[in-house]
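A short worksheet on the structure shown next.
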Amino acid sequence: MPANTFSRRQILTVGASAAASVTLGANAAAAREIKGGVDDPWLPHQADAPVPLENPGFAFFTPAEAAFVESATERLIPEDDLGPGAKACGVALFIDHQLAGAYGRAGNWYMQGPWAKGEKTQGFQSRMTPADLYRAAIKAIDEHTMSAQGGKLFADLPVEAQDAMLSDLEGGKVDLGGADAKTFFQMLWQNTKEGMFSDPIYGGNKDMAGWKMLGFPGARYNYLDWVDRHGERYDQPPVGIRGRPAWNGAG
């Protein structure tokens, strides 16, 4: 090979080496040694740490939407002799903040087409995000009840009429325009259960009332004192991710 000629492989190798040298040179001044755990830029388990609800107000729902969700979820899990219902437990607030975040945007869902109607076994198939579905469905439901119930919104109906409307939604008997009634009801019911029984750090399950009704102990760190106590009723109060009020006031 003549002295003044290069192969393609040689040219690529030289170019890559030069680029690496420039990059290393540019970053050399910013390099630092991390040791001893004092300046660690990460902490164990932080990637999975829950994001607590800090704002006690609604972040997504309009007042009319919040009234609908509070009324509807209260009919799905009403107050009775066993304990408070969905409204007292903050279920609507839980759903609101979920819709205002990544869940509402379907942040980690595949949301591209095709948009053929799916089978029951295929789960959520709507082109709407959860936030869009809630907004469209609530608007359509209130318009429907105003037309059929003398100008009354869903939240203003007697409980018997609310129950009948929810039953029709569950059966897909109500035309909500672009929103599928059955899909919306299934999401509302799922989110209601999540808000009633999730950790209180997310805004629902206020005072751990949902857990107390079930006898669920929550996120207690261990049960060593109970390992050999077979057949005994566990009588300790539930513990949330943040502890419980008797320990730290944060519950």
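Criterion first (assigned to a helix (DSSP H, G or I) and over 25 Å from LEU133 (Cβ atoms)) does MET208 satisfy it? Considered against the rule, which asks whether it is assigned to a helix (DSSP H, G or I) and over 25 Å from LEU133 (Cβ atoms), MET208 comes out as yes. Does ASP207 qualify as being of a type in the set (D, E, K, R) and open to solvent by less than 20 Å² (accessible area, probe 1.4 Å)? Judged against the criteria, ASP207 is not a match. Restricting attention to region 127-157, the residues that are out of contact with any Phe, Trp or Tyr (no Cβ under 7 Å at 6 or more places or on another chain) and open to solvent by less than 30 Å² (accessible area, probe 1.4 Å) add up to 4. Picking from residues in region 91-112 that are assigned to a loop (DSSP other than H, G, I, E, B) and not hydrophobic (A, V, I, L, M, F, W, C), the one that is nearest to PHE124 (Cα to Cα) is TYR110.
Restricting region 183-204 to residues that are touching a Gly at 6+ places or on another chain (Cβ under 7 Å) and not small (Gly, Ala, Ser) leaves a set whose member that is least open to solvent (accessible area, probe 1.4 Å) is MET196.
Might you check whether a residue that is buried (at least 18 other Cβ atoms within 10 Å of the Cβ) and within 20 Å of SER167 (Cα to Cα) occurs anywhere in region 100-121? No. Pairing residues of region 73-86 that are under 12 Å from GLY210 (Cα atoms) with residues that are surrounded by 20 or more Cβ atoms within 10 Å (Cβ to Cβ) and of a type in the set (D, E, K, R), at Cβ distances under 7 Å and at least 6 apart in sequence or on separate chains, gives GLY85/GLU74; ALA86/GLU74. For LYS193, indicate whether it is charged (D, E, K, R) and more than 17 Å from the chain's Cα centre (by Cα). Criteria not met by LYS193. Kindly list, by first and then second residue, each pair from a residue in region 116-130 that is at pLDDT 80 or above to a residue that is part of a loop (DSSP other than H, G, I, E, B) and open to solvent by 70 Å² or more (accessible area, probe 1.4 Å), limited to pairs with Cβ atoms under 6 Å and residues at least 6 apart or on different chains. These pairs meet every condition: ARG127/TRP115; THR129/ARG105. For region 158-171, the set of residues classified as open to solvent by 20 Å² or more (accessible area, probe 1.4 Å) and touching a residue at least 12 places away in the same chain (Cβ under 8 Å) consists of VAL159, ALA161, ASP163, ASP168, GLU170, listed by residue number. Take the conditions (1) exposed (fewer than 15 other Cβ atoms within 10 Å of the Cβ); (2) among the aliphatic types (A, V, I, L, M); (3) in contact with a helix residue (DSSP H, G or I) (Cβ under 7 Å, 6 or more places away or on another chain); VAL227 misses just one of them, which is (3). Looking across region 47-85, just one residue is in a loop (DSSP other than H, G, I, E, B), among the charged types (D, E, K, R) and surrounded by 11 or more Cβ atoms within 10 Å (Cβ to Cβ), and that is GLU79.
The values are calculated or read from the model by the stated rules, or taken from the named source; none is laboratory data. Just so it is clear, the structure is predicted and the values come from calculations on it, not from any experiment. Because the Cβ atoms are built from the backbone with ideal geometry, glycine has one as well, and the counts that use them run over all protein chains shown. Each accessible area value is taken on the protein alone, full model and side chains, heavy atoms only, with ligands, DNA and RNA left out. Shrake-Rupley method; radii C 1.70, N 1.55, O 1.52, S 1.80 Å.
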